[in-house]
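The values are calculated or read from the model by the stated rules, or taken from the named source; none is laboratory data. This structure is a prediction, so every number in the text was calculated from the model and none was measured. Glycine also receives a Cβ, built like all others from the backbone with ideal geometry; neighbour counts cover every protein chain displayed.
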Amino acid sequence: MSTLPPVPATRLLGKSGIVVSSMAWGMWRFAGRSVAEARTLVEAALDSGITLLDTADIYGFDGKGGFGNAEALLGQVFAEAPALRDRMVLATKGGIMPPLPYDSSPAYLDTALDASLKRMGVHRVDLYQIHRPDILTHPHEIAKFAEKAYALGKIGAFGVSNMTVAQTAALLAFMPRDLPLSTIQPELSPLCLDAITDGTLDLALQHNLAPMAWSPLGGGRIASPTDARATAVAAALDAVAQTHGVSRTAATYSWIMAHPARPIPIVGSQQVDRIREAADAYKVTWTREDWYKVLVASRGEKLP
Ligand code: NAP
């Protein structure tokens, strides 16, 4: 039975030259807690070997603190413990501004990036990402924004999220030579296979883009399945998890990383034990047979 190669714990962030852990930790659900609790979570991620931390200016928008709240909370953590900043590759996103909804014009992104830096109390982010595609901005304009921000030392690398294959390809054509597109960030989990089937991960392989997989547990549905499809996927994951003595969630992260594009699952949990446990994903190796069993369970029909 053919076994897929184990996944190293670190990888390059596309062509940026930046080394990151093969798993990331995300702050979508971070806002609305105390600075002490927030610091504990950040430290749990870093102490468990996760070096890539993903936030966005809009995170927290739905809560009491509103737009910018997750970044502001991280800024408070940095103010209390400045050394934490140097232990991480810090990624944020901009380009969603309710009620617009999307704006990727250079004028807007210039101000959005400056506001993100200010909220977090940092001089630069290591990775800046366009959160969602703005149909009304020419990709050349996006590339010009990124080039300027890079030249000014405000960003170390540039990426996009939720773009179609064609939108990403168009942007690739306009990126400057000294700042290649480094990352993409599609939704990807055993319950969301689009990036696997629509050419997104193939584009990542072709252009050496690091794919960051958002909602790797389907927003928690893999941990707590509520329908037949999720239950079938969970059962296929459990079979492998039990063999390796790890949790279903660790098996899920490793299933995602087993793809040759080496997608980086963004762990979304805001619980210390669950963040720590994510590293168990590196203990899992997949046979082709078992990997495809999860895929088939998700598709709900056999492969041709
Ligand atoms: P997820 O891992 O799919 O879901 C995390 C949720 O599952 C949390 O509410 C967590 O609750 C829950 N959960 C239940 N049981 C769990 C278990 N055993 N282990 C771990 N989690 C469990 O990820 P996500 O939070 O939806 O997204 C992850 C990250 O992706 C975000 O933080 C963000 O950085 C990124 N993201 C990006 C976009 C985009 O448009 N680019 C969109 C969405 C998300 P507890 O906290 O209680 O553990």
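Looking for something surrounded by 14 or more Cβ atoms within 10 Å (Cβ to Cβ) and either more than 16 Å from the ligand (Cβ to nearest atom) or modelled with pLDDT under 95 (or both) - is there at least one such residue anywhere in segment 17-28? Scanning segment 17-28, I find at least one residue that is surrounded by 14 or more Cβ atoms within 10 Å (Cβ to Cβ) and either more than 16 Å from the ligand (Cβ to nearest atom) or modelled with pLDDT under 95 (or both), so the answer is yes. Where helices (runs of 4 or more DSSP H) fall wholly inside segment 160-273, the ranges with 1 or more residues that are touching a strand residue (DSSP E or B) at 6+ places or on another chain (Cβ under 8 Å) and within 14 Å of the ligand (Cβ to nearest atom) are 165-174, 194-197, 200-207, 248-257. Does residue 112 qualify as being in a helix (DSSP H, G or I) and within 16 Å of the ligand (Cβ to nearest atom)? Yes; evaluated as a whole, the condition is true for this residue. Evaluation of residue 286 against the conditions (1) without any contact (Cβ under 8 Å) to a residue 40 or more places away in the chain; (2) in contact with a Phe, Trp or Tyr (Cβ under 9 Å, 6 or more places away or on another chain); (3) not small (Gly, Ala, Ser) shows that the sole unmet condition is (1). Taking segment 119-137 as the range and being in contact with a helix residue (DSSP H, G or I) (Cβ under 8 Å, 6 or more places away or on another chain) and exposed (fewer than 15 other Cβ atoms within 10 Å of the Cβ) as the test, only 123 passes.
Here 72, 79 are screened, and the one residue that is under 22 Å from residue 128 (Cα atoms), of a type outside the set (D, E, K, R) and surrounded by 17 or more Cβ atoms within 10 Å (Cβ to Cβ) is 72.
Being crowded, with 20+ Cβ neighbours inside 10 Å, in a loop (DSSP other than H, G, I, E, B), touching a helix residue (DSSP H, G or I) at 6+ places or on another chain (Cβ under 8 Å) and not β-branched (Val, Ile, Thr) is a condition met by no residue of segment 290-299.
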